[in-house]
């Protein structure tokens with residue numbers, strides 16, 4: 001099985017930088033995804049890491065350390081529309097690939 | 001077209017009703033998924049179809065019956081549901097089941113069972 005841990009809630013101010021951490025324990029690790037989900041909407045893909053290091057995509061970056069079972073999502077120049085739930089999802093391979101989501105981190109951006 | 005569509009958006013049904021949820025994608029993806037998401041919880045995988053064949057059933061009760069009529073369509077047939085089955089049902093697709101590509105999610109069907 002998998003154990004994925006993220007903070008439940010975070011708050012930040014418009015224009016600031018915030019880092020959302022995710023730790024996981026799994027066998028057969030085969031990649032980690034970050035998704036954004038606004039209330040009542042579908043999750044939308046933000047980033048994917050399978051090798052150690054930093055992936056940068058505009059205002060969003062994601063980091064992975066496989067030896068530590070650790071990832072973070074970094075959001076820069078926060079905007080009000082970034083208020084959403086951020087889901088860390090781990091794919092593991094056990095004869096087939098499945099995606100397991102963490103409980104999500106609710107980020108509230110205030111003016 | 002990078003969209004997964006789902007119908008209906010909302011569904012209210014009684015415990016004795018039979019209804020179906022529909023999902024469609026035209027991205028040429030060969031893997032399609034059903035997830036269930038309760039309020040303030042993460043999506044939980046229910047079924048995975050790969051090349052129109054059911055490859056994963058995550059111990060879902062038989063009152064949920066998936067069907068994949070062709071590579072673009074995925075249905076979820078509902079019968080004799082319980083109030084605790086009320087949730088957002090999300091469909092997703094990816095290029096292949098075991099690839100590094102992300103899953104694209106549809107907007108979901110919000111189901112209420114009375």
- Message: Which residues among segment A:82-102 fall inside the zone where the amide N is under 19 Å from a point 7 Å beyond the Cα of residue A:5, along Cα→Cβ?
- Response: A:86-91, A:100-102
- Listing A:88, B:68 by rising number of other beta-carbon atoms within 10 angstrom, fewest first, gives B:68, A:88
- Within segment B:83-100, what residues put their amide N at less than 20 Å from the label point 7 Å along the Cα-to-Cβ vector of residue A:45? B:90-100
- Message: Under 8 Å for C-alpha pairs, at least 6 residues apart: give me the relative contact order for chain B, rounded to a whole percent.
- Response: 37 percent
- Item | FRET efficiency estimate (nearest 0.05) - Cβ-Cβ, residue A:70 to residue B:96, R0 45 angstrom | 0.95
- Label point distance in nm, residue B:60-residue A:59, each placed 7 Å from Cα along Cα→Cβ: 3.5 nm
- Task: Pop a pseudo-label 7 angstrom from the Cα along the beta-carbon direction at both residue A:16 and residue B:7 and give the gap in nm to one decimal.
- Result: 4.5 nm
- Query: Assuming R0 = 41 Å, what is the FRET efficiency of residue A:25 and residue A:80, from their Cβ-Cβ distance, to the nearest 0.05?
  - Reply: 0.75
- Can you sort B:24, B:67 so the residue with the fewest Cβ neighbours within 10 Å comes first? B:67, B:24
- Query: If each residue's Cβ is checked for other Cβ atoms within 10 Å, how do B:30, A:59 rank with the fewest at the top?
  - Reply: A:59, B:30
- Could you calculate, for segment B:1-69, the ratio of the Cα radius of gyration to the Kirkwood radius, expressed as Rg to Rh? 0.96
- Query: Any idea what log10 I(q)/I(0) is at q = 0.21, 0.22, 0.26 Å⁻¹ for segment A:19-111, Debye with uniform C-alpha scatterers and no solvent?
  - Reply: -1.03, -1.11, -1.44
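We did not get these values from a lab; they are worked out from the coordinates using the rules stated. Computed from a prediction, not measured in an experiment: that's the story for all the values here. Quick reminder, even Gly has a Cβ in these numbers, built from the backbone with ideal geometry, and neighbours come from all protein chains shown.
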